[in-house]
Number of protein chains: 2
Amino acid sequence: MSFVRPEIDAMAGYVPGEQPQAGKFIKLNTNENPYPPSPAVNRAIKERLDQGLERYPDPLATSFRMRAAEVLGVEPDWILCGNGSDDILTIATRAFVGPDQWLRLPTPSYVLYKTLAEIQGADSEEVAFNADWSLPEEFSAGSNQLRLAFLPNPNSPSGTIVPKAQIAAAADALPCPLLVDEAYVDFAEENCVDLVKQNDKILVSRTLSKSYGLAGLRFGYVVAQPHIIAQLMKVKDSYNCDALSIAGATAAIDDQQWLQTNRAKIIKTRKRMTDKMREIGFTVPDSQANFVWGTYPGKNLKALYEFLKQNRVLVRYMHYPNYEPGIRISVGGEDQIDACLMLIETALAQGIA
Amino acid sequence: MSFVRPEIDAMAGYVPGEQPQAGKFIKLNTNENPYPPSPAVNRAIKERLDQGLERYPDPLATSFRMRAAEVLGVEPDWILCGNGSDDILTIATRAFVGPDQWLRLPTPSYVLYKTLAEIQGADSEEVAFNADWSLPEEFSAGSNQLRLAFLPNPNSPSGTIVPKAQIAAAADALPCPLLVDEAYVDFAEENCVDLVKQNDKILVSRTLSKSYGLAGLRFGYVVAQPHIIAQLMKVKDSYNCDALSIAGATAAIDDQQWLQTNRAKIIKTRKRMTDKMREIGFTVPDSQANFVWGTYPGKNLKALYEFLKQNRVLVRYMHYPNYEPGIRISVGGEDQIDACLMLIETALAQGIA
């Protein structure tokens, strides 16, 4: 007997992207930043480390909230910090969605949303993106037991965005909070933080894993109106962010110059990847994230993924029902992308894919 | 409108012990270790930091599990790591206890257990410790909707333990898992890890916050049979432990010599505190933890707490219904304890308490 709740017993569990801990891979499968974080991060962490770790950290990560508030143009009590934005998504799901209630999410998208609903014993309602990755109107439809909607923007795997005006309208129409998961937004042209001020149903989550190059540190946050933050606070673990991550994250968000430089590099490489893949014959939607999504009807992309892996290049192969299978390639360093694109051309030339 | 589940809306939320982020306090209120962690921890963290933080951490904290398995005499798949042991307690509650089901806990004890039940929409059943801090038989009684029992051992605020044989018998009798919260066990004379091998209903949780001096790092773990670990794995966030904490925790548990030396210092100071407080007139149960619990019928211990705080010494004042109010004093450094005891004597001599 396992004693667990039947919902948990029935779950397969979320499987994160491969994280090989040994061996040398060009890792383009989990949308990490290829460049090291701002040097200010390491300095801040070392300084904090030298102050000792024997005391509990600040439960509210006040230093980060104060600096982030300035950057975002809100007050600190509009921000709640989490152990990565997965922690934020977990907190929001637990706060808003009870058993047998509904959580809405678009698909194809981040698979974790559904897992979070399963853990709660809640039901998830998947709304399929249109073929051009636009969001159908039905995403905004009301329903009695609907308690939360997740909208990743930019979306993964497509890298596409839903226009801000449509998000504002969706939030107005929805009977429940709308959490806009902006994990990739620093690579996009617009974001929804100012919508939070207009509508207390909008929450915006962010992570430092992608655009700040800090996936290893685990730090994310959510922006919402203070009365919403106060409720989410009850659900989070007291000391959910450790002392070193608070110090590192504060230094990271303080270095907006680093962010802009990094962003420009990623966007430049993204354009090169997109152009080249289209030239090879892939269909690639315009990406506003740090990855590109390529489909190629008639080609065997699973075999392509496996060929790349054999050659020590990890990308993500995804095949969602009713959608063309595709490969999602994170924007890596210039040399990494050269190697990846060359292998793809080889595979296609040799009929491997 | 807050949109949150009614259970969350009704909650007051758990309030952790005061963590002043500014000002100089002798901090004896949250059972932190007064001594810095093993120097190996800082070295390991700096080394890991220099390898870069842009990649996701190992979702399973394999390096820690392998080293901890050797120390504990189990296999690595008997261990699940968490972002502090609060994360472990959260994961266990979510895995085992659904809405309107019951979670059993002794009282007076760690207040968080009840909060975790509240967040799940579950009911908590409090079983009062006897006046001598022994655990009544009714803690083991069966009931249909009982899904999990927490037993902190040593307990807080008392510092007392429930004998291992009684825990083994309780687990046999209970219809549900029994999680023995061994946050303070490194300061005690026995622990329950070997019981896990005998009974898959027993889970043992640990933290590195207390005995390893790493409250700021957030690292804990649970020991349970592999089929239980596999279920808990589904509930945890994918990357719940960051790269630096995994490195630091692995170095910490590797340095068992440091642990033994630190433990001996704490136990020596604990004895001095206990003897002195009894001499002053307090009733102090024998503590097997890194704090002592003192009651003093007829004295105003709330006033004593406030006097200490005015004099920059933080302790914990606790008044549980049907129990004598008391103060819980963490075992600090020798000088810190000298200062605290002197202030207590002053307060009593001057009739402040």
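Throughout, read-outs are computed from the coordinates displayed, never taken from laboratory work. Everything numeric in this text was worked out from a predicted model, so none of it was measured. All Cβ positions, even for glycine, are placed from backbone atoms using ideal geometry, and neighbour counts span all protein chains on display.
Some points to look at:
- Between the beta carbons of B:Met1 and A:Glu189, assuming R0 = 41 Å, the FRET efficiency works out to 0.80 to the nearest 0.05.
- Ordering A:Asn290, A:Val97, A:Cys176 by the projection of their Cα atoms onto the charge dipole of chain A, which places +1 on the Cβ of Lys and Arg and -1 on the Cβ of Asp and Glu, puts A:Asn290 at the extreme positive end.
- Each other copy places its own label point for B:Phe25 at 4.5 nm from this one, sorted shortest first, where the point lies 7 Å along the Cα-to-beta carbon line.
- Net lengthening on full extension, A:Ala173/A:Tyr35 (0.36 nm per residue, minus Cα-Cα): 45.6 nm
- Within the shell of other residues whose beta carbon sits under 10 angstrom from the beta carbon of B:Ser38, the net charge comes to -1, with Lys and Arg scored +1 and Asp and Glu -1.
- Cross-link table B:Lys27/B:Lys276; B:Lys27/B:Lys268; A:Lys27/A:Lys276; B:Lys24/B:Lys299; A:Lys234/B:Lys236; A:Lys164/A:Lys197, entries beyond 21 Å C-alpha to C-alpha: B:Lys24/B:Lys299
- Counting from the shortest, the label point at B:Asp100, 7 Å from Cα toward Cβ, is 0.7 nm from the same position in each remaining copy.
- Taking the DSSP beta bridges with both ends in chain A, the antiparallel portion is around 45 percent.
- For the stretch A:29-135, averaging the sequence separation of C-alpha pairs within contact (under 8 Å, six or more residues apart) and dividing by the residue count gives a relative contact order of 17 percent.
- Normalised contact order of chain B, rounded percent, pairs of Cα under 8 Å and 6 or more residues apart: 23 percent
- For chain A, modelled as a GNM whose springs connect Cα atoms under 10 angstrom apart, the maximal fluctuation among A:Ser330, A:Ser238, A:Ser109 occurs at A:Ser238.
- Förster radius 30 Å - calculated FRET efficiency between A:Asp9 and A:Gln310, Cβ distance, rounded to 0.05: 0.25
- Take the Cα of A:His227, step 7 Å toward its Cβ, do the same at B:Ala264, and the gap between the two points is 6.0 nm.
- Calculated FRET efficiency for the pair A:Tyr320/A:Thr346, C-beta based, R₀ 30 Å, to 0.05: 0.65
- With label points set 7 Å from Cα along Cα→Cβ, the inter-copy distances at A:Asn300 are 8.5 nm, sorted shortest first.
- Estimated inter-spin distance, A:Val111 and A:Asp77, nm [label 7 Å along Cα→Cβ]: 4.2 nm
- Straight-distance crosslink candidates among aspartates and glutamates, where the alpha carbon sits under 15 Å from A:Lys201 and sequence neighbours closer than 8 are dropped: A:Asp172, A:Asp181
- Label separation (B:Thr62 vs A:Glu137): 5.2 nm, computed from points 7 Å beyond Cα along the C-beta direction.
- Taking chain B as a Gaussian network of alpha-carbon nodes connected by springs under 10 Å, the highest mean-square fluctuation of the residues B:Ala95, B:Ala40, B:Ala165 belongs to B:Ala165.
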